[in-house]
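The values are calculated or read from the model by the stated rules, or taken from the named source; none is laboratory data. Computed from a prediction, not measured in an experiment: that's the story for all the values here. Methodologically, a virtual Cβ is constructed for each residue, glycine included, from the backbone with ideal geometry; neighbour enumeration extends over all protein chains shown.
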Protein chains: 2
Amino acid sequence: MLESHQYLRQFSIKPSVQRSAVMNFLLKNRIHPTIDEIYLALSPSMPTLSKTTVYNTLDLFVEKGAVRALAIDEKNARYDVDISAHAHFKCRSCGSIHDIFDLNANMYQLPENKSFKIDSIEISYFGICEHCIGN
Amino acid sequence: MLESHQYLRQFSIKPSVQRSAVMNFLLKNRIHPTIDEIYLALSPSMPTLSKTTVYNTLDLFVEKGAVRALAIDEKNARYDVDISAHAHFKCRSCGSIHDIFDLNANMYQLPENKSFKIDSIEISYFGICEHCIGN
DNA sequence: ATTATCTTTGTAATTGTTTCAAATAAATAA
DNA sequence: TTATTTATTTGAAACAATTACAAAGATAAT
Ligand SMILES: [Mn+2]
Ligand SMILES: [Mn+2]
Ligand SMILES: [Zn+2]
Ligand SMILES: [Zn+2]
């Protein structure tokens, strides 16, 4: 919790109790969680926590560049505290999302394009995960 | 309409009136439309068309491999009748989605991975489009 | 013609997200 | 400190996209 406190400051985010708790969860659970997963995980120890606060908090984190929102899951927004350039894998069966590899320089290279001003890239792979194959 | 009739058969989709109309729209409007856009476009000429049918139809098309569902837009599912390997660009301002380039062989190459059985890739770029810059 | 199967339709339910105003907490000024 | 302003959290309601489902309609098989 102290760590997340510090961590938030690096992104000039004022560390409230709720924000620190959310960031702490993200730092310790690198599973690209949904809003609901975050809320359900924190709710027991913070009974007054509102889901709206989780939404507000994640919006703020994204705006400040502390976390990245992933589009890989059509159902729910997914959040990643790892903002380095890396690709993801989503299992079609269980829906879990995993880091798959770091993007090398030429893959991550944002292409020059006359029609669009490109500022970011998202590379997603789909298939079946190890765990689901063994079922 | 005759064309889409034929086209559907290639994917062993039985071409009903509704299915042909939806496929015809997709073939002639390569804008990666949402369900709603498809429904609103067809609705005037097919007043009895149900939105549920549009959902059913697109689910079937995806299942049969005739169209690809894109995850690039968090709000709505987007559908692409072009199933070739190509990357997309989404404008953060107006939300429009464009084809940006074909994926070359080494980019499209699905990586071998011991933990996951990978079957597809989606590469998305984000930024601001030409039109929105000039505003 | 009858029966069975496939497809479409409209409604209702569900889910994820956003809006918003009141309540609470934190920061600043007096 | 106390008062005042500003920032944050909260819960309820509104909203939007999708899904579930059962009845109606169309098509195919007997
Ligand atoms: Mn990640
Ligand atoms: Mn496309
Ligand atoms: Zn899995
Ligand atoms: Zn634009």
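If you check A:Asp119, A:Asp99 for being of a type in the set (D, E, K, R) and loosely packed, with under 13 Cβ neighbours inside 10 Å, only one passes: A:Asp119.
Residue pairs whose Cβ atoms lie under 7 Å apart, separated by 6 or more positions or on different chains, with the first residue in region B:121-135 and within 25 Å of A:His88 (Cβ to Cβ) and the second within 16 Å of DNA strand C (Cβ to nearest atom) and β-branched (Val, Ile, Thr), are B:Ser124/B:Ile72. Residue-level analysis places B:Leu70 among those that are assigned by TED's automatic domain parsing to the domain that holds B:Lys14, surrounded by 16 or more Cβ atoms within 10 Å (Cβ to Cβ) and under 18 Å from the mean Cα position of the chain (by Cα). Scanning region A:62-69 for any residue that is under 28 Å from A:Cys132 (Cα atoms), free of Cβ contacts under 8 Å to residues at least 40 places away in the same chain and not in a helix (DSSP H, G or I) turns up at least one such residue.
Take A:Ile38 and tell me if it is away from every other protein chain (no Cβ under 14 Å), touching a residue at least 60 places away in the same chain (Cβ under 8 Å) and β-branched (Val, Ile, Thr). No; evaluated as a whole, the condition is false for this residue. If you scan region B:58-87, which residues turn out to be away from DNA strand D (no atom under 16 Å from the Cβ), closer than 24 Å to A:Leu110 by Cα and not polar (S, T, N, Q)? Those that are away from DNA strand D (no atom under 16 Å from the Cβ), closer than 24 Å to A:Leu110 by Cα and not polar (S, T, N, Q): B:Asp82, B:Ile83, B:Ala85, B:His86, B:Ala87. Of all residues assigned to region B:35-43, none qualifies as being closer than 26 Å to A:Gly127 by Cα and not assigned by TED's automatic domain parsing to the domain that holds B:Gln6.
In the condition set (1) without any contact (Cβ under 8 Å) to a residue 24 or more places away in the chain; (2) at the interface with chain A (Cβ under 7 Å from one of its Cβ atoms), B:Lys114 is compliant with all but (2).
Of note, B:Ala87 satisfies the criterion of being within 11 Å of chain A (Cβ to nearest Cβ), more than 16 Å from ligand 4 (Cβ to nearest atom), closer than 20 Å to A:Asn113 by Cα and surrounded by 15 or more Cβ atoms within 10 Å (Cβ to Cβ). Of all residues in region A:46-61, those that are of a type in the set (S, T, N, Q) and either in contact (Cβ under 8 Å) with a residue 24 or more places away in the chain or in a strand (DSSP E or B) (or both) total 2.
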